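The values are calculated or read from the model by the stated rules, or taken from the named source; none is laboratory data. Fair warning: this is a prediction, and the values are worked out from it, not measured in the lab. All Cβ positions, even for glycine, are placed from backbone atoms using ideal geometry, and neighbour counts span all protein chains on display.
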2 protein chains.
Amino acid sequence: MKELDPLLHSQLRLAVMSILMNVEEADFVYLREKNEATAGNLSVQLDKLSAAGYITVEKGFAGKKTRTVCRVTPAGRTAFEAYVAALRTYLNL
Amino acid sequence: MKELDPLLHSQLRLAVMSILMNVEEADFVYLREKNEATAGNLSVQLDKLSAAGYITVEKGFAGKKTRTVCRVTPAGRTAFEAYVAALRTYLNL
DNA sequence: ATAAATCAGTTTATTTTATAAACCAAATTT
DNA sequence: AAATTTGGTTTATAAAATAAACTGATTTAT
């Protein structure tokens, strides 16, 4: 049975990746609001995606406030597409 | 954010449901082999699907050996379709 | 006939995950 | 300058997935 990448098979991580696939970059606050996630949960899940090399997380400033910007990496893109392909076979979409 | 039914958002349960959606009925052994799952794991996940009313689990006999047969219920069918629809919006498929 | 191995499955224990709650430092508001 | 808000991180708790150990019946081999 084709494996579903467990890193992507998580509601919040999947939603984050889905956004990043379509958006070039997105910051922490945007991702938190769009997903109605708690900051804590989002922080943890971003770390995991980052540790896996699926996204980059850049800390910078917007004026004086900190701003954390996320982007999907090529590896992340590939993994996401493989995940979707695997899902298709599961669900025969 | 549209919720992904957590009962279906599990690798093994999803795979089981996907099979049952296409097959009218399937027994324990078939599901275990097809999914390369351990019997323990399968047993637990079938219980959950059954407790949720997504499948029926009937114990009977095939000759002298016990045989556990699973079928998807109308509620299960509906839930599965809703899950797939929700996934589509996540992944914009 | 009986001991060993297999089959079909359940129960219990362990590990992993997801999530929330508590916290921290800097910036803003009053 | 005290109180609040913002943008997060860390730690604790709850829920899930999985594996390991077990049960009870059935073959198979001796």
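Here A:C70 fulfils each of the conditions (1) buried (at least 19 other Cβ atoms within 10 Å of the Cβ); (2) within 12 Å of chain B (Cβ to nearest Cβ) apart from (2).
Any residue at all in region A:16-31 that is among the acidic types (D, E) and closer than 24 Å to B:V84 by Cβ? Steps first, please.
Initial filter on region A:16-31 (among the acidic types (D, E)): A:24-25, A:27.
Now restrict to residues that are closer than 24 Å to B:V84 by Cβ: none.
Checked region A:16-31: no residue is among the acidic types (D, E) and closer than 24 Å to B:V84 by Cβ.
In the condition set (1) in a helix (DSSP H, G or I); (2) within 12 Å of DNA strand C (Cβ to nearest atom); (3) of a type outside the set (S, T, N, Q); (4) within 24 Å of A:A86 (Cβ to Cβ), B:A79 is compliant with all but (2).
Residues that are within 13 Å of DNA strand D (Cβ to nearest atom) and within 17 Å of B:V29 (Cβ to Cβ) within region B:50-62 comprise B:K59, B:G60, B:F61, B:A62, listed in sequence order.
Going through (1) more than 11 Å from the chain's Cα centre (by Cα); (2) more than 13 Å from DNA strand C (Cβ to nearest atom); (3) within 13 Å of chain A (Cβ to nearest Cβ) one by one, B:R32 falls short only on (2). Across region B:1-43, the number of residues qualifying as in a helix (DSSP H, G or I), among the small types (G, A, S) and within 13 Å of DNA strand D (Cβ to nearest atom) comes to 4. Among the residues of region B:39-48, which ones are out of contact with any Cys (no Cβ under 8 Å at 6 or more places or on another chain) and away from chain A (no Cβ under 13 Å)? Passing the criteria: B:A39, B:G40, B:S43, B:V44, B:Q45, B:D47, B:K48. One residue stands out among those in region A:73-93 that are under 27 Å from B:K34 (Cα atoms) and in contact (Cβ under 8 Å) with a residue 40 or more places away in the chain: the one that is nearest to the other protein chains (Cβ to nearest Cβ), which is A:Y90.
Considering only residues in region A:30-55 that are aliphatic (A, V, I, L, M), over 20 Å from B:P6 (Cα atoms) and in contact (Cβ under 8 Å) with a residue 12 or more places away in the chain, the one that is surrounded by the most Cβ atoms within 10 Å (Cβ to Cβ) turns out to be A:L49.
Residues that are β-branched (V, I, T) and at pLDDT below 90 occur at least once in region B:75-93.
Pairs linking a residue in region A:1-24 that is under 17 Å from B:A15 (Cβ atoms) and within 7 Å of chain B (Cβ to nearest Cβ) to a residue that is of a type in the set (G, A, S) and surrounded by fewer than 21 Cβ atoms within 10 Å (Cβ to Cβ), with Cβ atoms under 9 Å and 6 or more positions apart or on different chains, are A:M1/B:A37; A:L4/A:A86; A:H9/B:S10. The selection criterion, being farther than 21 Å from B:L14 by Cα and at pLDDT below 95, holds for A:K65.
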